[in-house]
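Heads up, the thing below is written out as structure tokens.
We did not get these values from a lab; they are worked out from the coordinates using the rules stated. This is a predicted model, so every value here is computed, not measured. Glycine also receives a Cβ, built like all others from the backbone with ideal geometry; neighbour counts cover every protein chain displayed.
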Amino acid sequence: MIFQISVDNPPAGGHPTGVENSADFRCQVAEVAHRLTADGVCVLGALFDLTAQRLVRLAVAITRHQPDAEDAVQTALVKVARAPQRLAGADCPWAYLLRMVRNEALMIARRKQRWFSAPTGTVDLSDLTTYCKVDRLEQEESFRAALAALRTLPAEQAEVVVLKIWEGLTFAQIGELLDISLHTAASRYQYALAKLARRLAPHQPGERMTEVRHG
């Protein structure tokens with residue numbers, strides 16, 4: 001069920017889908033959301049520190065532009081600060097926050113008409129990293145190549161890749177988040193994998209990407 005750049009030798013520090021998609025993280029977000037309701041905006045910094053890097057990563061997949069992605073996250077967090085009870089009352093606060101940021105990113109992308117305007121052959125990692133401290137995985141050459149390749153995908157495919165690989169969501173969860181069917185989510189993911197495999201082939205000679213099961 002895992003997309004891998006290197007099947008036999010994953011980057012040092014673990015697999016991209018390791019700690020980040022754990023239930024512990026979702027529990028941490030839920031805990032901070034409830035603290036925000038009880039203690040007010042003084043807790044907003046904790047929510048930002050916990051989620052910003054991951055939220056910006058999703059927003060970049062949609063806007064293709066780092067500052068716009070950061071604006072989407074900031075706007076979403078401002079809305080959270082104004083009505084923290086909505087986040088705390090959600091069945092899954094992390095999924096709710098992802099949806100908020102996605103909606104903001106979509107509005108920015110449409111307004112500025114930046115839907116993947118960069119030439120497909122351009123590799124510009126400045127739009128694929130965040131101003132937050134990057135983890136060791138993103139410092140690995142193969143992982144950076146994957147992020148660069150991600151930029152060349154259509155937005156609807158790129159966001160599914162981010163949600164599946166980095167957030168560890170099932171296709172059913174992705175479908176619910178994006179308001180599409182499970183099969184549409186899986187199809188977009190499979191098309192994206194095929195495109196990424198072709199683009200990453202020069203970076204990973206002799207290696208392949210694993211197939212995933214729909215689920």
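Structural remarks
- Note on ASP91 and ALA197: with the Förster distance fixed at 41 Å, the Cβ-Cβ geometry gives a FRET efficiency of about 0.70.
- Likely footprinting exposure, VAL32, VAL73, fewest C-beta neighbours within 10 Å first: VAL32, VAL73
- Given their separation in residues at 0.36 nm each and the Cα-Cα distance between them, LEU50 and ASP71 gain 5.8 nm when the chain is fully extended.
- Neighbour-count ranking [beta-carbon atoms within 10 angstrom, fewest first] of TYR191, TYR96: TYR191, TYR96
- Fraction in percent of alpha-carbon pairs per bin - 5 Å, the stretch 41-96: 4, 20, 28, 26, 15, 6, 1
- You can think of it this way: the chain between ALA38 and HIS183 has 48.2 nm of extra reach, that is 0.36 nm per residue less the Cα-Cα gap.
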